[in-house]
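Structure, as structure tokens:
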Amino acid sequence: MTLDLPTRRDEAWRYSDLQALETAWPSAPPVHIRVAAGDNTHDALLQDAADGSVAVHDYVIDIADGARFDFHLLNIGGKLGRVTFAVTLGKGSHFELNGAIIGGGEQTLEIITSVTHTQPDATSGQTVRSILGSHATGNYLGSINVARDAQRTDAFQSIKAMLLDRTATANAKPELEIYTDDVKCAHGATVGELDRQALFYMASRGMDPATAKTLLLKAFVAGVFDDVAQDDLRERFEAAALAKLGTLV
């Protein structure tokens, strides 16, 4: 069966680069991850596809009762780089996503999430930081869905984007869909520019503009990778992020 190419009528594809997607459609089947009851595990993706290519990574994640799953993501590659998560949480389980988007040129980079709390006492957190220059587009579309029986859910989304040029675009659409009353859910999204006062202060201390911008941008995304357990993986993420930033400042 041939899958039809998505259209902008589909909310999850509203801001995507469908022309680029057409060259790589249909995409590969999703990766299924099942976390057994009581397990504590993690995964990571450094999405650094070659310039001009299309990279689509879809994850379907089921987290059983009392389990925890952490995912770290750096999305920097390709003309279109898209990563999606469809997560279902069991009783007393936890999901944590820490992601960063760094894009320039004509790139479109996306993180799309749907986190569904089906049982009581589960928690989830999504933290995404985006840095966008030139004509790049960065998209975060994410939903937290709390079922009627999922009492005492505790979930949040923290989305922040930094635009280096007025021609860059950040689209942020966090959503809450809640069907029960005993919950603690929060979301927030901000889009801004580098602090001019901070740049002026650093220049007044003799720092060149490129170094000052790089330091501020490193600080902006650094927290996303602080809790990566493996030192070598954290160093890979940090080196890739720094190299990408070097092309933007």
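Step by step: first the residues of segment 226-249, then only those that are assigned to a helix (DSSP H, G or I), under 20 Å from residue 44 (Cα atoms) and not hydrophobic (A, V, I, L, M, F, W, C), then the one that is modelled with the highest pLDDT. Which residue is that?
Restricting to residues being assigned to a helix (DSSP H, G or I), under 20 Å from residue 44 (Cα atoms) and not hydrophobic (A, V, I, L, M, F, W, C), the top hit is 244.
Of all residues in segment 212-225 being touching a helix residue (DSSP H, G or I) at 6+ places or on another chain (Cβ under 8 Å) and open to solvent by 50 Å² or more (accessible area, probe 1.4 Å), which is nearest to residue 46 (Cα to Cα)?
Out of the qualifying residues, it is 218.
Of everything in segment 177-208 that's open to solvent by less than 80 Å² (accessible area, probe 1.4 Å) and charged (D, E, K, R), which residue is nearest to residue 108 (Cα to Cα)?
That would be 208.
Filter segment 91-127 for residues that are outside any strand (DSSP E or B), closer than 18 Å to residue 61 by Cβ and open to solvent by 10 Å² or more (accessible area, probe 1.4 Å) and give the result.
91, 92, 118, 119
Considering segment 157-176 alone, what residues qualify as being open to solvent by 80 Å² or more (accessible area, probe 1.4 Å) and out of contact with any Ser or Thr (no Cβ under 6 Å at 6 or more places or on another chain)?
The answer is 166, and nothing else.
Yes/no per residue for (1) more than 19 Å from residue 137 (Cβ to Cβ); (2) free of Cβ contacts under 8 Å to residues at least 40 places away in the same chain; (3) within 20 Å of the chain's Cα centre (by Cα):
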position: 16; (1), (2), (3): no, no, yes
position: 32; (1), (2), (3): yes, yes, yes
position: 40; (1), (2), (3): yes, yes, no
position: 49; (1), (2), (3): no, yes, yes
position: 65; (1), (2), (3): yes, no, no
position: 93; (1), (2), (3): yes, no, no
position: 100; (1), (2), (3): no, no, yes
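Restricting attention to segment 28-43, which residues are surrounded by 15 or more Cβ atoms within 10 Å (Cβ to Cβ) and either touching a helix residue (DSSP H, G or I) at 6+ places or on another chain (Cβ under 8 Å) or acidic (Asp, Glu) (or both)?
none
Tally time: how many residues in segment 8-26 are surrounded by fewer than 16 Cβ atoms within 10 Å (Cβ to Cβ) and either assigned to a strand (DSSP E or B) or not hydrophobic (A, V, I, L, M, F, W, C) (or both)?
Final tally of qualifying residues: 9.
Has segment 72-80 got at least one residue that is over 16 Å from the mean Cα position of the chain (by Cα), touching a residue at least 12 places away in the same chain (Cβ under 8 Å) and in a loop (DSSP other than H, G, I, E, B)?
yes
Quick check on segment 130-156: of everything there that is over 23 Å from residue 96 (Cβ atoms) and either touching a helix residue (DSSP H, G or I) at 6+ places or on another chain (Cβ under 8 Å) or not β-branched (Val, Ile, Thr) (or both), which residue is surrounded by the fewest Cβ atoms within 10 Å (Cβ to Cβ)?
Filtering first and then ranking leaves 148.
The values are calculated or read from the model by the stated rules, or taken from the named source; none is laboratory data. Since we're looking at a predicted model, the values are computed, not measured. Note that each Cβ is placed from the backbone with ideal geometry, even for glycine, and that neighbours are counted across all protein chains shown. Only protein heavy atoms, including side chains, enter the accessible area calculation; ligands, DNA and RNA are left aside. Shrake-Rupley method; radii C 1.70, N 1.55, O 1.52, S 1.80 Å.
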